[in-house]
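> One structure, as structure tokens, below. Some questions next.
The values are calculated or read from the model by the stated rules, or taken from the named source; none is laboratory data. Just so we're clear, the structure is a prediction, and the values are computed from it rather than from any experiment. Cβ coordinates were reconstructed from backbone atoms using ideal geometry, including for glycine residues, and neighbour counts include every protein chain displayed. Just so you know, the surface numbers come from the protein's heavy atoms only, side chains and all, with ligands and any DNA or RNA stripped out. Shrake-Rupley method; radii C 1.70, N 1.55, O 1.52, S 1.80 Å.
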Amino acid sequence: MPNPLRIGLTSLATIVLFACSTPPSEPTASFRDLNNNGQLDIYENPNETLDARVDDIRARLSLEQKINLVIGVGFNMEAVSGSDKVPGAAGSTYAIPELGIPSLVLADGPAGLRIQPERKGESKTYYATAFPIATLLASSWDTKLVGEVGKAMGNEIKEYGVDLFLAPGMNIHYNPLAGRNYEYYSEDPLLSGYMASAIVNGVESYGVGTTIKHFVANNAETNRMFLNSRMSERAAREIYLRGFEIAVREAQPWAIMTSYNKFNDEHISQSKAVLTTVLRDEWGYEGLVMTDWFAGYDTAKQLLAGNDLMMPGVPKRREEIQAALAEGTLTEADLDKNITPILKTVLLSPGFSEYPYSDAPALQANAAIARRAASEGVVLLKNETQTLPLANTQKLAVFGNTSYELISGGTGSGDVNEAYTVSLVEGLKNNQFAFDQQLQDHYLTHIKSERAKQPKKKFFFDALPPLTEFLPDAKLLAKLVAANDTALITIGRNSGEFNDRPLSDFTLTAEEQKLIDSVSQAFHKNGKKVVVILNIGNVIETVSWRDKVDAILLPWQGGQEAGNALADVLSGQVNPSGRLPTTFPMQYTDVPSSKRFPGHATSEKPVTDIYSGFFKGHWSELNYEEGIYVGYRYYDKVRLPTAYEFGFGLSYTNFEFSDLSVKKGKSKGYFTVSLKVTNTGKLAGKDVVQLYISAPEVALDKPDKELKGFAKTMLLQPGQSETITFNVTPKILASFDTNKRAWVAEAGNYTFNIGNSSQQMLLTKSVRLPNELVAEHVKAILEPSPPVRERISK
């Protein structure tokens, strides 16, 4: 499918590499003559086609070796490590030394490479860069920038000896309490799909692989092994599969990881309809498919469905395959299909070409990219009377625990072992701001005391309770007001794998509310400003307190350089250009899934997964009754106000959109949309242009409008303009018609809306499609039985 973003964007696969990094070269002559006959065998020869090389290896393998190839080598749960080559990696595949087939090393992401920084018997540390979380990257709305982040990640993946990066994650922000939303990009599949494509193309330009995950509908952590996600086929194809489809068509990632949950009553790792018919036959996917760790309930069914690699690997898997082969429910020819994409990946890998990885990636240069990306994703939510940017002559009173211990990213497998995290106060100091040292001392003492009270983690994935906030008494507060010009208050939140957030995490605590109240009243009484900074990985409630402060900045969790990036924005060195990739509701009960998330138990007795015995929970079910009406699609449809709408974000300058043109292409259903963006303010800045299309409702119910294209402008100087262009195709116009088994653009008027958020349409033009167009027929039937009762209401 043609890229619906903008004409003139540099291909994500060919963005110029940053100066300090070395791009991958063609395979070198490091291949061994394994037969000692003075001649390379076909599979050893990089000049042969990939298919011919795979055929040559496959013909040499025994049945036992084929069985081994589809099962990982095992997993050390205590060390959270499955690789001897790269300690801290998540797992590895089976090696066949006699054929020179190496063990592929797989390591976690998505905010950077997750490996152990320390190794036995070594004084050297092996740190990786903690990049901004995925939600922040999506807030940049800048695919070129995100591609550069991918390249920086690729540099570290390759130089640390890893072959496959278990990222990016790209599930939909279905509910704000979902524990791993920070690992994912957006509530919108188009934005998610193109962000993921940018990361994939960036990382893989280094000759290492990515693994998009968790495929599909893994939108809750509670009972994730035992959850049945049930939804209409239209909802699945338009929302939950669509982002993955874009990433596959635009980037062809080396691997895809299937999710733990069931999808419409069948474990997704055992669904042939999804993994073969949709993924391979409809979308043309060519890479390997692997399970999430210990996922699934029937190894033979998984292999037959098209799930090629069982990770991390347990002996029981091997026994099940051998039994299925003996019974005839699985054949060697079936195994040949599964090992083919695995062997292709092996041949593409740095491990096979014996790449001499250095264990010395370009960490300093990568940190600079992390800082730039973090600043580009900061969203300015409020800025009354030009409170921001701050003059560095101002002295600041900095409140909030996370001002001093900034949260760089989420917990669990998405965490990164970075060398450092720049706190807000460190970033302020680096940007020549003065801040109150007495207040800092109070906070450091408080944090140390509260930290000592915390329980110890029983397991790596445990989430510790947040520290209570420090509340200055009236006497101290009066001194702080007298000694400082502006107050900064940081509110922190964190979450991660295995746990969804409690509702109490969505709202501010009584202490946080009291902190905002007392600081705001004291500073405002003396004519001084208050700025709130949201160091969060997930959406929170803002309505109850936002009118009490003068400015609100949302820097999310910005990685190890977050403090510097935030100070860059506070000082005005960077003009904020982030836009929300997800909606902030007025209250949690406004969320369409609020009454059902994270699902309801369907069994009384707890169950344990059969392969590790580690995962425990209840068989559960989550019915996606809102259908396609997720995020802004829902709020727009039912006319429900939001705190901050999808796509929203302010700037220190102003922009004007003009000269909208919609031209028909040579073929039916193709259009070229262009407009001019002008910086009409006094400061240089970037804006995000968002194309929303409203489609006619004939046979199908439609959202009021849907995001169909986006583009980030270049840095525009005051008075400078740039022309932005979008390509629109029939597939972009289309909705999925279950009865016709096709993507259909119905006849009627299509309104092209150009805006800077889902609620702010600035330019509009309509075109008429005289006849219905079928953009694409599908093969698989994904409708659940019985069907999900879809309903939306306020």
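> Within region 463-480, count every residue that is of a type outside the set (A, V, I, L, M) and either within 29 Å of the chain's Cα centre (by Cα) or open to solvent by less than 80 Å² (accessible area, probe 1.4 Å) (or both). It would help to see each step written out before you state the result.
Here is the first cut: in region 463-480, the ones of a type outside the set (A, V, I, L, M) are 465-466, 468-470, 472-473, 475, 479.
Filter once more, so that each one left must be either within 29 Å of the chain's Cα centre (by Cα) or open to solvent by less than 80 Å² (accessible area, probe 1.4 Å) (or both): 465-466, 468-470, 472.
Residues meeting the conditions: 6.
> Let me ask another. Do you know which of the residues in region 187-227 that are closer than 28 Å to Ser92 by Cβ and among the β-branched types (Val, Ile, Thr) is surrounded by the most Cβ atoms within 10 Å (Cβ to Cβ)?
Result: Ile199.
> A follow-up question, please. Considering only region 408-441, how many residues are assigned to a loop (DSSP other than H, G, I, E, B), among the β-branched types (Val, Ile, Thr) and open to solvent by less than 30 Å² (accessible area, probe 1.4 Å)?
Qualifying residue count for the region: 2.
> Take the residues in region 228-245 that are open to solvent by 10 Å² or more (accessible area, probe 1.4 Å) and assigned to a strand (DSSP E or B); name whichever of them is nearest to Val788 (Cα to Cα).
The residue in question is Arg230.
> Pick from region 37-52 the residues that are within 16 Å of Leu343 (Cα to Cα) and among the hydrophobic types (A, V, I, L, M, F, W, C): which of them is surrounded by the fewest Cβ atoms within 10 Å (Cβ to Cβ)?
Checked region 37-52; the qualifying residue surrounded by the fewest Cβ atoms within 10 Å (Cβ to Cβ) is Ala52.
Each row is one residue, and each column tells you yes or no for (1) touching a residue at least 24 places away in the same chain (Cβ under 8 Å); (2) on the phi > 0 side of the Ramachandran plot.
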| residue | (1), (2) |
| --- | --- |
| Val274 | yes, no |
| Asp281 | yes, no |
| Gly284 | yes, yes |
| Ala300 | yes, no |
| Pro312 | yes, no |
| Gln322 | yes, no |
| Leu330 | yes, no |
| Ala333 | no, no |
| Ile339 | yes, no |
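> Which number in (1) within 28 Å of Asp687 (Cα to Cα); (2) hydrophobic (A, V, I, L, M, F, W, C); (3) open to solvent by 30 Å² or more (accessible area, probe 1.4 Å) marks the one condition that Ala747 misses?
Ala747 satisfies every listed condition except (1).
> For region 442-471, give me each residue that is aromatic (Phe, Trp, Tyr) and assigned to a helix (DSSP H, G or I).
Residue satisfying the conditions is Tyr443 alone.
> Select, from Tyr127, Tyr184, the only residue that is among the aromatic types (Phe, Trp, Tyr), within 26 Å of Asp687 (Cα to Cα) and touching a helix residue (DSSP H, G or I) at 6+ places or on another chain (Cβ under 8 Å).
Testing whether each residue is among the aromatic types (Phe, Trp, Tyr), within 26 Å of Asp687 (Cα to Cα) and touching a helix residue (DSSP H, G or I) at 6+ places or on another chain (Cβ under 8 Å) leaves just Tyr184.
> Test each condition in (1) crowded, with 18+ Cβ neighbours inside 10 Å; (2) within 29 Å of the chain's Cα centre (by Cα); (3) over 13 Å from Asp163 (Cβ atoms) for Lys344 and report the one that comes out false.
Here Lys344 meets the rest and fails (3).
> When the residues of region 552-597 are narrowed to those that are among the small types (Gly, Ala, Ser) and part of a helix (DSSP H, G or I), which ends up most open to solvent (accessible area, probe 1.4 Å)?
Step by step, filter region 552-597, then rank; the result is Ser571.
> Which of the residues belonging to region 130-172 are part of a helix (DSSP H, G or I) and aliphatic (A, V, I, L, M)?
Ala134, Leu136, Leu137, Ala138, Leu145, Val146, Val149, Ala152, Met153, Ile157
> OK, next. Just to be sure before I move on: is Tyr185 touching a residue at least 12 places away in the same chain (Cβ under 8 Å) and over 9 Å from the mean Cα position of the chain (by Cα) in the structure I sent?
Judged against the criteria, Tyr185 is not a match.
> Filter the strands (runs of 3 or more DSSP E) completely within region 677-794 down to those with at least 3 residues that are out of contact with any Cys (no Cβ under 7 Å at 6 or more places or on another chain) and acidic (Asp, Glu). Before the answer, list the steps.
Values: elements: 688-694, 706-712, 721-728, 735-737, 742-745, 748-757, 760-769, 773-777.
Per the criteria, no element qualifies.
> Consider region 513-537. How many of its residues are open to solvent by 10 Å² or more (accessible area, probe 1.4 Å) and within 29 Å of Ala463 (Cα to Cα)? Please lay out each step first, then the result.
Just the residues of region 513-537 that are open to solvent by 10 Å² or more (accessible area, probe 1.4 Å), to begin with: 513-514, 517-518, 521-522, 524-529.
From the residues that got through so far, the ones that are within 29 Å of Ala463 (Cα to Cα) too are 513-514, 517.
Qualifying residue count, region 513-537: 3.
> Additional query: Scan region 319-374 residue by residue and report those that are among the small types (Gly, Ala, Ser), part of a helix (DSSP H, G or I) and under 30 Å from Leu137 (Cβ atoms).
Within region 319-374, Ala365, Ala367, Ala368, Ala370, Ala373, Ala374 qualify.
> What number goes with the only condition from (1) touching a residue at least 40 places away in the same chain (Cβ under 8 Å); (2) touching a strand residue (DSSP E or B) at 6+ places or on another chain (Cβ under 9 Å) that Val248 does not pass?
Failed condition: (1).
Residue-wise test of (1) under 18 Å from Tyr184 (Cβ atoms); (2) of a type in the set (Lys, Arg); (3) open to solvent by 10 Å² or more (accessible area, probe 1.4 Å); (4) in contact with a Gly (Cβ under 6 Å, 6 or more places away or on another chain).
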{"residue": "Asp108", "(1), (2), (3), (4)": "yes, no, yes, no"}
{"residue": "Gln116", "(1), (2), (3), (4)": "no, no, yes, yes"}
{"residue": "Ser123", "(1), (2), (3), (4)": "no, no, yes, no"}
{"residue": "Phe131", "(1), (2), (3), (4)": "yes, no, no, yes"}
{"residue": "Ser139", "(1), (2), (3), (4)": "yes, no, no, yes"}
{"residue": "Met153", "(1), (2), (3), (4)": "yes, no, no, no"}
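> Would you confirm, using the coordinates I've provided, whether Thr680 is exposed (fewer than 15 other Cβ atoms within 10 Å of the Cβ) and of a type in the set (Val, Ile, Thr)?
Spelling it out, Thr680 is indeed exposed (fewer than 15 other Cβ atoms within 10 Å of the Cβ) and of a type in the set (Val, Ile, Thr).
> For region 752-786, name all the residues that are among the β-branched types (Val, Ile, Thr) and open to solvent by 30 Å² or more (accessible area, probe 1.4 Å).
Thr764, Val774, Ile781
> May I ask you to list pairs of residues, at least six apart or on different chains, whose Cβ atoms are under 6 Å apart, with the first in region 99-121 being at pLDDT below 95 and the second being surrounded by fewer than 24 Cβ atoms within 10 Å (Cβ to Cβ) and of a type in the set (A, V, I, L, M)?
Gly100/Leu34
> List the number of the failed condition for Val248; all other conditions in (1) surrounded by 24 or more Cβ atoms within 10 Å (Cβ to Cβ); (2) farther than 23 Å from Ser205 by Cα; (3) under 19 Å from the mean Cα position of the chain (by Cα) hold.
It fails just one condition, (2).
> Turning to a different aspect of this structure: Suppose we filter Glu320, Glu286, Glu250, Glu266 for residues that are under 27 Å from Leu707 (Cα atoms) and of a type outside the set (Lys, Arg); which single one remains?
None of the other options fit; the residue is Glu250.
> Identify, by number, the condition in (1) out of contact with any Ser or Thr (no Cβ under 7 Å at 6 or more places or on another chain); (2) assigned to a helix (DSSP H, G or I); (3) of a type outside the set (Gly, Ala, Ser) that Thr402 doesn't meet.
Only one criterion is unmet by Thr402, namely (1).
> So how many residues does region 256-282 have that are within 18 Å of Thr602 (Cβ to Cβ), open to solvent by less than 30 Å² (accessible area, probe 1.4 Å) and not in a strand (DSSP E or B)? Spell out how you get there, then give the answer.
Kept after step one, since they are within 18 Å of Thr602 (Cβ to Cβ), are these residues of region 256-282: 260-268.
Narrowing the set further to residues that are open to solvent by less than 30 Å² (accessible area, probe 1.4 Å) leaves 260-261, 263-264, 267-268.
So of that shortlist, the ones also not in a strand (DSSP E or B) come out as 260-261, 264, 268.
Here the count works out to 4.
> Just to be sure I understand, how many residues within region 156-178 are touching a Phe, Trp or Tyr at 6+ places or on another chain (Cβ under 7 Å) and either within 22 Å of Ser495 (Cβ to Cβ) or open to solvent by 10 Å² or more (accessible area, probe 1.4 Å) (or both)?
Going through region 156-178 one residue at a time, the tally reaches 10.
> Checking Ala391 against (1) over 24 Å from Ala111 (Cα atoms); (2) at pLDDT 95 or above: exactly one of these is not met. Which one?
Of everything listed in (1) over 24 Å from Ala111 (Cα atoms); (2) at pLDDT 95 or above, Ala391 misses just condition (2).
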